[in-house]
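J.: Handing you this structure, nothing more for now.
The values are calculated or read from the model by the stated rules, or taken from the named source; none is laboratory data. Every value quoted in this text rests on a predicted model; they were computed, and no experiment measured them. FYI the Cβ positions are ideal-geometry reconstructions off the backbone, even for glycines, and counts take in every protein chain you see. Note: areas computed on protein heavy atoms with side chains; ligands, DNA, RNA excluded. Shrake-Rupley method; radii C 1.70, N 1.55, O 1.52, S 1.80 Å.
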Amino acid sequence: MASTKAKPVGTGDDVDMFKAVSLNRVSQAIVDQVKMLLREGRLKPGDRLPSERELCERFGVSRVTVREALRVLEAGGLIDIRVGAHGGAFVTSPTSQQIGEGLADLLNLSPLTALQVTEARQVFELGIVPLVVERATDEDIAALRELVEKHQAALDAGEYTMSMSADFHTRVAAATHNPAIEMLVQSFHGPLLMSLLEAQVVAPLMGHRGTEEHAAFIDAIAARDADRAMAIMREHLQRTADRVSHEPE
């Protein structure tokens, strides 16, 4: 957590860090400047930005424009706006979930087909299996087993949904303990669910066999048997691919 005595960046030797912007798309120009300073390392997590009044003077814009830019930066997870005597706009780092949500918006707006999504899953999810087998902790395995138990109970009660299957695959990716992989899988959640729903139209009872394979996959992970885990996941994904392969090219 940033110190309450943090000195605003852009003072002293860094007084020229921020530059006045043109009046065309002013708030976006401010956002772009801050992003550039982050990339260059001149702004770092924990730094406190100058006050709104100071930013107005340095950018040569109104307070309304500065506030709009700050809102955009906050929504993007790049700053944290705190209130109170020791408040202000503090630089932060966006989480993998926030980045994933941004990518998800782009993917969900793209004209992807269930077949295209499933092919991507075959490349990506099979590719991470060795990492999952190597890195999954006892806590990961216990969490995955708990998911399967809940899914089986939902099947028995007739309440199983394809979002449960998507959640399982997302949790598997978390077992790689690689934030980039987690981010990509989180961003892919929407298209993944779309492809599973498409497959369910062809095979309404697909959740039963899929849950059995999920359980077998966990057993293979727990045994550190990469070949077995790979074979189970390959068959699991191929069946979904077969079910959506009726789509036109």
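J.: Can you find a residue in segment 56-66 that is charged (D, E, K, R), part of a strand (DSSP E or B), farther than 30 Å from residue 241 by Cβ and modelled with pLDDT of 85 or more? So that I can check it myself, show each step before the final result.
T.: Keep residues of segment 56-66 that are charged (D, E, K, R), which gives 57-58, 63.
Now restrict to residues that are part of a strand (DSSP E or B): none.
Scanning segment 56-66, I find no residue that is charged (D, E, K, R), part of a strand (DSSP E or B), farther than 30 Å from residue 241 by Cβ and modelled with pLDDT of 85 or more, so the answer is no.
J.: Within the bounds of segment 53-73, is there any residue that is in contact with a helix residue (DSSP H, G or I) (Cβ under 9 Å, 6 or more places away or on another chain), loosely packed, with under 13 Cβ neighbours inside 10 Å, touching a residue at least 24 places away in the same chain (Cβ under 8 Å) and not aromatic (Phe, Trp, Tyr)?
T.: No, every residue in segment 53-73 fails to be in contact with a helix residue (DSSP H, G or I) (Cβ under 9 Å, 6 or more places away or on another chain), loosely packed, with under 13 Cβ neighbours inside 10 Å, touching a residue at least 24 places away in the same chain (Cβ under 8 Å) and not aromatic (Phe, Trp, Tyr).
J.: Could you list all residues from segment 186-196 that are in a helix (DSSP H, G or I), open to solvent by 20 Å² or more (accessible area, probe 1.4 Å) and touching a residue at least 40 places away in the same chain (Cβ under 8 Å)? Steps first, answer last, please.
T.: Of segment 186-196, the ones in a helix (DSSP H, G or I) are 186-187, 189-196.
Imposing the further condition that a residue be open to solvent by 20 Å² or more (accessible area, probe 1.4 Å) reduces the set to 186, 189-190, 193-194.
Across segment 186-196, the qualifying residues are 186, 189, 190, 194.
J.: Okay, moving on. For segment 220-229, name all the residues that are surrounded by 15 or more Cβ atoms within 10 Å (Cβ to Cβ) and under 18 Å from residue 145 (Cβ atoms). Before you say what the answer is, go through the steps one by one.
T.: Step one: filter segment 220-229 for residues surrounded by 15 or more Cβ atoms within 10 Å (Cβ to Cβ), giving 220-222, 226, 228-229.
Across segment 220-229, the qualifying residues are 220, 221, 222, 228, 229.
J.: For segment 113-155, which residues satisfy the criterion of being touching a residue at least 60 places away in the same chain (Cβ under 8 Å), among the aliphatic types (A, V, I, L, M) and over 26 Å from residue 194 (Cβ atoms)?
T.: 133, 136, 141
J.: Still on this structure: Does segment 165-179 contain any residue that is surrounded by fewer than 21 Cβ atoms within 10 Å (Cβ to Cβ) and without any contact (Cβ under 8 Å) to a residue 24 or more places away in the chain?
T.: Among the residues of segment 165-179, at least one is surrounded by fewer than 21 Cβ atoms within 10 Å (Cβ to Cβ) and without any contact (Cβ under 8 Å) to a residue 24 or more places away in the chain, which makes the answer yes.
J.: Restrict the check to segment 187-205 and report whether at least one residue is over 18 Å from residue 118 (Cβ atoms) and at pLDDT 90 or above.
T.: Taking every residue of segment 187-205 in turn, none turns out to be over 18 Å from residue 118 (Cβ atoms) and at pLDDT 90 or above.
J.: Something else now. If a residue must be open to solvent by 60 Å² or more (accessible area, probe 1.4 Å) and modelled with pLDDT under 80, how many such residues does segment 11-48 contain? Before you say what the answer is, go through the steps one by one.
T.: The initial filter retains those residues of segment 11-48 that are open to solvent by 60 Å² or more (accessible area, probe 1.4 Å), namely 13-16, 19-20, 22-25, 32, 35-36, 39-40, 42, 44-45.
Filter once more, keeping what is modelled with pLDDT under 80: 13-16, 19-20, 22-25.
Here the count works out to 10.
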